[in-house]
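The values are calculated or read from the model by the stated rules, or taken from the named source; none is laboratory data. Since this is a predicted model, take the numbers as computed values, not measurements. As a convention, Cβ positions derive from the backbone with ideal geometry for all residues, glycine included, and neighbour counts pool all protein chains shown. Ligands, DNA and RNA are excluded from the accessible area calculation, which covers all protein heavy atoms including side chains. Shrake-Rupley method; radii C 1.70, N 1.55, O 1.52, S 1.80 Å.
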Amino acid sequence: MKIQYVFVIGDIHGEWGYFNSFIARKIKQNKDILNDIKMGYEVEVIILQCGDFGFWPHFDKTSEFSGGRKIWDQWGIKHHFSGIVNDTIKIIWCAGNHENHDVLDKLEMSTEEKFIEIDSIRAPNIFYATFGSVYTLLDNTKVMFCGGAVSIDKANRIPGISWWEGETISEQDMYKLPDPESTHIDIVVSHTCPQLFDRTHARLNMFKYYDPSKIALNHVFRTYKPTTWFYGHYHSYTFGIVGNCATYMLNRIDGHNGLCFMKWRIVNEMG
């Protein structure tokens, strides 16, 4: 028998210490997972991440300056994700607004893969999910990734160093979506949410700005009609229902204002 544990988590922002702690405490010490391993089952753990992963490969561990200008760096993002302590857990992340989109664009142009393992030596089992990519879970659940969002703080950032123009969902991205006539989508993982979700989170003032990505995600929502939608971006936790879709806004990994992750267990008796 094969068992798959799926964790969906919110923003990380390159805070690998918090992320390593999450893996150690919430996954490697999870009683259900440990019991299944003890029972001799084949256990696979997968993490699906909602963007703002912290992909800033232009920083190393000590970099403080670039081109003579001091780096504006709110969260201390100083290094690539080789700082993640991981062995067999598969991590799949979509783009947030705080990623180096220039490098991501070059990576996409260099391969036809939808899930790109960026550094198999220093950071194995970590995959960037391109826009519109679809991952199939053990029970045949189809998960589509739709990363991208606008930075409301971009006026305080440095283009090409701490902010990138390609952060929002573009018309070109929308052409990457799979054919809705032949593709059934159960779950969407995105960074921001469709504008249609805003009314379920009216208490958050941070929704009151324009983001073209949210308009694009309206189209995704209406076209594919998923039953579950996970997203981050707003550093808070909220659950809602929009139509027939359960919506989960997940808090950032170091947040103290509600849940930063969801978990479920899939069993395949034939595995």
When residues of the range 216-260 are limited to those that are of a type in the set (A, V, I, L, M) and closer than 25 Å to residue 13 by Cα, the one most open to solvent (accessible area, probe 1.4 Å) = 259
query = Which members of the range 151-171 meet the condition of being among the hydrophobic types (A, V, I, L, M, F, W, C) and over 17 Å from residue 132 (Cβ atoms)?
reply = 152, 155, 158, 161, 163, 164
ask   = Does residue 143 satisfy being open to solvent by 10 Å² or more (accessible area, probe 1.4 Å) and in contact (Cβ under 8 Å) with a residue 24 or more places away in the chain?
value = no
request  = Go through (1) open to solvent by 70 Å² or more (accessible area, probe 1.4 Å); (2) assigned to a loop (DSSP other than H, G, I, E, B); (3) at pLDDT 90 or above one by one and return the number of the condition residue 203 breaks.
outcome  = (3)
request  = Would you please list the contacts, defined by Cβ atoms under 9 Å and residues six or more apart or on different chains, that run from a residue in the range 19-30 that is over 14 Å from residue 260 (Cα atoms) and touching a residue at least 24 places away in the same chain (Cβ under 8 Å) to a residue that is open to solvent by less than 80 Å² (accessible area, probe 1.4 Å) and among the basic types (Lys, Arg)?
outcome  = 30/263
request  = Pull up the range 118-140, narrow it to residues that are farther than 21 Å from residue 106 by Cα and free of Cβ contacts under 8 Å to residues at least 40 places away in the same chain, then point me to the one that is least open to solvent (accessible area, probe 1.4 Å).
outcome  = 136
key: For residue 171: the one exception among (1) on the phi > 0 side of the Ramachandran plot; (2) open to solvent by 50 Å² or more (accessible area, probe 1.4 Å); (3) not small (Gly, Ala, Ser)   = (1)
message = Need pairs with beta-carbon distance below 7 Å; first residue surrounded by 14 or more Cβ atoms within 10 Å (Cβ to Cβ) and within the range 150-162, second small (Gly, Ala, Ser); sequence gap 6+ or separate chains.
response = 150/213; 157/151; 161/66
Subset tally (residues that are open to solvent by less than 40 Å² (accessible area, probe 1.4 Å), assigned to a loop (DSSP other than H, G, I, E, B) and not aliphatic (A, V, I, L, M)) for the range 184-193 = 4
